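J.: Below is one structure. I have some questions about it.
The values are calculated or read from the model by the stated rules, or taken from the named source; none is laboratory data. Because the structure is predicted, anything quoted here is derived from the model rather than measured. Positions of Cβ are generated from backbone atoms using ideal geometry, with glycine treated the same way; all protein chains shown enter the neighbour counts. Calculation scope for accessible area: heavy atoms of the full protein, side chains included, ligands and nucleic acids excluded. Shrake-Rupley method; radii C 1.70, N 1.55, O 1.52, S 1.80 Å.
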Amino acid sequence: MLDLRYVVEHLDEVRAGLARRGELPAGFERVAELADARRTAILGGEAKKRAVNEASAAIAKLPKGSPEQAAARDASRALGAEAAAFERAQSAAEAEIAEVLLRVPNVPDASVPDGTSAEQNVEVKRWGTKPAFDFAPKQHFEVGEALGILDFERATKLSGPRFSVLWGAGAALERALVQFMLDLHVAEHGYTEVYPPFLVRAEALRGTGNLPKFEADLFKLSAVGEDARELYLIPTAEVPVTNLHAGEILDDASMPRRYVAFTPCFRSEAGSYGRDTRGLIRQHQFDKVEVVHLERPEESDAAHERLTRAAETVLERLGLHYRRMLLCTGDMGFSSRRTYDLEVWLPGQDAFREISSCSNFGDFQARRASLKYRPAGDAKAKPRLLHTLNGSALAVGRTLVAILEQYQQADGSVVVPEVLRPYMRGLARITR
């Protein structure tokens, strides 16, 4: 969420930033007007409360039961009613401001290129070379189904479209990828592993910016009985992990906080009708290893590079050809101020596809979730908002897709990347 005071004092700058994204939410132009109404209500309410206090002091000096005292009490009650009216006006203005700002995206960093779609994203680097084949490479679902390790028909029988069953070496490959990614981030990059809940309250989703804007993308569950309540299946581990310290004030000495978590993720894929209907690219349920940073503001830009580089390391250890893209203003996520996408090469599609999105949110999520720290050196120092960052390291299903396509062989088998073989009981090649 953007800071109200900053928005009001820099309205033209914020409007220009949102225009770069092509997003100016309904009601935004009323923010300054609402802020003025809130300020007027606060000042008016304070003035009426002072008048009530003064009237109370004067009443005490009047003869008890006198007509003058009765009249003064009536006047005091009228002042109190006026003060209450100002409080209601203040609350109404604040509620409307909050509703508007909850729907306002983050302002892009000045370094983000302008653009309206993925075509305007900027390639920053490219690693490795495209694998060469002396045969026509197949798409991952063709490879996996022929090997008997991917099963979409039975998944559809169980749950409907956009689900999958992994058999044998396919299931082992998924598990191996998860363990490899976690081990790499903990042992080499110093992350703390977390295993969070997969069901969260609406407050957690508001904290990361998933609500209210993206409710159609979520799966909501309702409990019944004595513990009746509504919970949401997480769309990414970013939601519970970012909110672990919501409402807390962290010590400077404990900063930064860097977490890695494996979870299944659940998305309705609203608006994706007809896209990637076959295979593992766009599923309702998929696995992901996610990293989340809570950083001091002055260190968040460097942390963004560090986080992205750690995700790249996974791809490089697996020997997967990829590129890093700096997203343009029109392709960034709602909460992001700057995002890199890592795109892996899929020879079966003859295209690069996103496998990780690494974003710096600045204090946008921290303001929504009340994530703060107290700077060192002064116990009375005012707490500051943290900067939050997150990235996929990596989307496990899409990594499996890339392995099936980049490591496929002419005989239909798939070579297992060397770094994964210890996690797969030494298996070097997946065959029928």
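J.: Given a 1.4 Å probe and every protein chain left where it sits, what share in percent of the accessible area of the stretch 53-160 is carbon and sulfur?
T.: On the way: 3590 of 6600 Å².
Ligands and nucleic acids excluded, carbon and sulfur reach 54 percent.
J.: Same structure again: Where is the GNM fluctuation largest for the chain (alpha-carbon springs, 10 angstrom cutoff): 134, 251, 109?
T.: Among 134, 251, 109, the largest GNM mean-square fluctuation belongs to 134.
J.: Is the C-alpha gyration tensor of the stretch 86-219 telling us rounded, prolate or oblate? Criteria: a/c under 1.5 is rounded; beyond that, a/b larger than b/c is prolate, otherwise oblate.
T.: Working: a/c = 2.08, a/b = 1.68, b/c = 1.24.
Cα axes put the stretch 86-219 in the prolate bin.
J.: Place a +1 charge on the Cβ of each Lys and Arg in the stretch 189-274 and a -1 charge on the Cβ of each Asp and Glu, then give the dipole magnitude about the Cα centre in debye, rounded to the nearest 20.
T.: In total the dipole reaches around 200 debye.
J.: Would you compute, from DSSP H runs of 4+ residues alone, the mean residue ellipticity of the chain at 222 nm, taking -39500 (n - 2.57) per run and dividing by the full residue count, rounded to the nearest 500? Please report the intermediate quantities before stating the final value.
T.: Details: 12 runs with 161 residues, N = 432.
Calculated from helices alone, the mean residue ellipticity at 222 nm is -12000 deg cm²/dmol.
J.: Which of 412, 375, 386 sits farthest toward the positive end of the charge dipole of the stretch 367-432, with +1 on the Cβ of Lys and Arg and -1 on the Cβ of Asp and Glu?
T.: Among 412, 375, 386, the one farthest towards the positive end of the dipole of the stretch 367-432 is 375.
J.: Rounded to the nearest 5, what is the percent of antiparallel bridges among the DSSP beta bridges in the chain?
T.: Given both bridge residues lie in the chain, the antiparallel proportion sits at roughly 90 percent.
J.: Apply the a/c threshold of 1.5 to the C-alpha gyration tensor of the stretch 274-366 and tell me whether it is rounded, prolate or oblate.
T.: Values: a/c = 2.00, a/b = 1.57, b/c = 1.28.
In terms of gyration-tensor shape, prolate.
J.: Could you compute the FRET efficiency for residue 26 and residue 428, with r as their C-beta to C-beta distance and R0 at 60 Å, rounded to 0.05?
T.: On the way: r = 57 Å, r/R0 = 0.95.
It comes to 0.55.
J.: Given a 1.4 Å probe, how much area per residue of the stretch 282-353 is accessible, in Å²? Walk me through the numbers before you get to the answer.
T.: Values: 1900 Å² over 72 residues.
That works out to 26 Å² for each residue.
J.: Taking the convex hull of the alpha carbon atoms in the stretch 90-157, what volume per residue do you get, in Å³?
T.: Values: hull volume 17.1 nm³, N = 68.
About 251 Å³ per residue, rounded to a whole number.
J.: Follow-up question, since we're still on this one. GNM on the chain, C-alpha springs below 10 Å: top fluctuator among 218, 158, 294?
T.: Looking only at 218, 158, 294, the biggest GNM fluctuation is shown by 158.
J.: Starting from the Cα of residue 382, draw a straight line to each of the lysines and keep only those under 19 Å, dropping any in the same chain fewer than 8 residues away.
T.: The qualifying lysines are 372.
J.: Rounded, prolate or oblate: which one fits the stretch 196-277, using the alpha carbon gyration tensor with axes a ≥ b ≥ c (rounded when a/c is under 1.5, else prolate when a/b beats b/c, else oblate)? Working shown, then result.
T.: Details: a/c = 2.25, a/b = 1.43, b/c = 1.57.
Judged from the Cα gyration tensor, the stretch 196-277 comes out oblate (a/c at least 1.5, b/c at or above a/b).
J.: Please compute the length gained on full extension between residue 299 and residue 61, using 0.36 nm multiplied by the number of residues separating them and subtracting their Cα-Cα distance.
T.: Details: separation 238, 0.36 × 238 = 85.68 nm, distance 6.08 nm.
So the chain would gain 79.6 nm between residue 299 and residue 61.
J.: Oh, and also: Place a label point 7 angstrom from the Cα of residue 248 along the Cα-to-Cβ direction, then list the residues of the stretch 368-393 whose backbone nitrogen is under 18 Å away.
T.: Output list for this probe position: 368-376, 383-390.
J.: Using a probe of 1.4 angstrom, how much of the accessible area of the stretch 210-327 is carbon and sulfur, in percent?
T.: Values: 2320 of 4880 Å².
Carbon and sulfur atoms account for 48 percent of the accessible area of the stretch 210-327.
J.: Placing unit charges on C-beta atoms (Lys and Arg positive, Asp and Glu negative, everything else neutral), compute the dipole magnitude of the chain about its Cα centre in debye, rounded to 20. Mind dumping the intermediate values first?
T.: Values: 57 positive and 61 negative charges, 137 e Å.
Value, rounded to 20: 660 debye.
J.: Now for a different question. Between residue 78 and residue 145, what's the calculated FRET efficiency when r is the beta-carbon distance and R0 is 60 Å? Round to 0.05. Before the final figure, lay out each step's value.
T.: Numbers: r = 79 Å, r/R0 = 1.31.
With a Förster radius of 60 Å, E is 0.15.
J.: If R₀ is 51 angstrom, what is the calculated FRET efficiency for the pair residue 203 and residue 134, using the beta carbon separation as r and rounding to 0.05? Could the numbers behind the result be given before it?
T.: On the way: r = 56 Å, r/R0 = 1.09.
Calculated transfer efficiency: 0.35.
J.: Could you work out which residue, out of 198, 133, 262, moves most in a Gaussian network model of the chain, that is, has the largest mean-square fluctuation with Cα springs under 10 Å?
T.: Among 198, 133, 262, the largest GNM mean-square fluctuation belongs to 133.
J.: Computed over the Cα atoms of the stretch 378-425, what is the convex hull's projected area averaged over all directions, in nm²?
T.: Working: hull surface 26.9 nm².
About 6.7 nm², averaged over all directions.
J.: On to the next question. Output the relative contact order of the chain, whole-number percent, from Cα pairs under 8 angstrom with separation of 6+ residues.
T.: Relative CO of the chain lands at 20 percent.
J.: What net charge is computed for the residues neighbouring residue 166, neighbours being all others with C-beta under 12 Å from the C-beta of residue 166, Lys and Arg scored +1, Asp and Glu -1? Intermediate values should be presented prior to the final figure.
T.: Values: positive: 154, 175; negative: 145, 151, 174, 287.
That works out to -2.
J.: On each of the three principal axes of the Cα atoms of the chain, give max minus min coordinate, whole Å, ordered largest first.
T.: Extents along the principal axes, in whole Å: 105, 50, 41.
J.: Now for a different question. What residues qualify as long-range amide H neighbours of residue 193, i.e. H under 5 Å apart, gap of 5 or more or another chain, H built at 1.01 Å from N?
T.: For residue 193, the qualifying residues are 260.
J.: Same structure again: If I model a spin label as a point 7 Å beyond the Cα along the Cα-Cβ vector, how far apart are those points for residue 409 and residue 153 in nm?
T.: 2.6
J.: Using only Cα atoms, figure out Rg for the stretch 340-432 and give it as a multiple of 2.2 N^0.38 Å.
T.: Working: Rg = 21.3 Å, N = 93, 2.2 N^0.38 = 12.3 Å.
It is 1.73.
J.: To the nearest 20 debye, what is the magnitude of the charge dipole of the stretch 99-201 about its Cα centre, counting +1 on the Cβ of each Lys and Arg and -1 on the Cβ of each Asp and Glu? Intermediate values should be presented prior to the final figure.
T.: Values: 10 positive and 14 negative charges, 52 e Å.
Rounded to the nearest 20 debye, it is 260 debye.
J.: Relative contact order of the stretch 125-189, please, whole-number percent, based on alpha carbon pairs below 8 angstrom and at least 6 residues apart.
T.: On the way: 33 pairs, mean separation 13.5, N = 65.
Relative contact order of the stretch 125-189: 21 percent.
J.: Which one of 351, 148, 244 has its Cα pushed farthest toward the positive end of the charge dipole of the chain, where Lys and Arg give +1 and Asp and Glu give -1 at the Cβ?
T.: Toward the positive end, the furthest listed residue is 244.
J.: When the accessible area of the stretch 336-432 is computed with all protein chains present and a 1.4 Å probe, what percentage of it is carbon and sulfur?
T.: 44
J.: Relative to the compact globular guide of 2.2 N^0.38 Å, what is the alpha carbon radius of gyration of the stretch 131-287, as a ratio?
T.: Numbers: Rg = 18.9 Å, N = 157, 2.2 N^0.38 = 15.0 Å.
Taking N as the residue count of the stretch 131-287, the ratio is 1.26.
J.: Considering only lysines 8 or more places apart in sequence, or on different chains, count the pairs in the stretch 49-154 whose C-alpha atoms sit under 30 Å apart.
T.: On the way: 49/61; 49/64; 125/138; 130/138.
Pairs that pass both the separation and distance tests number 4.
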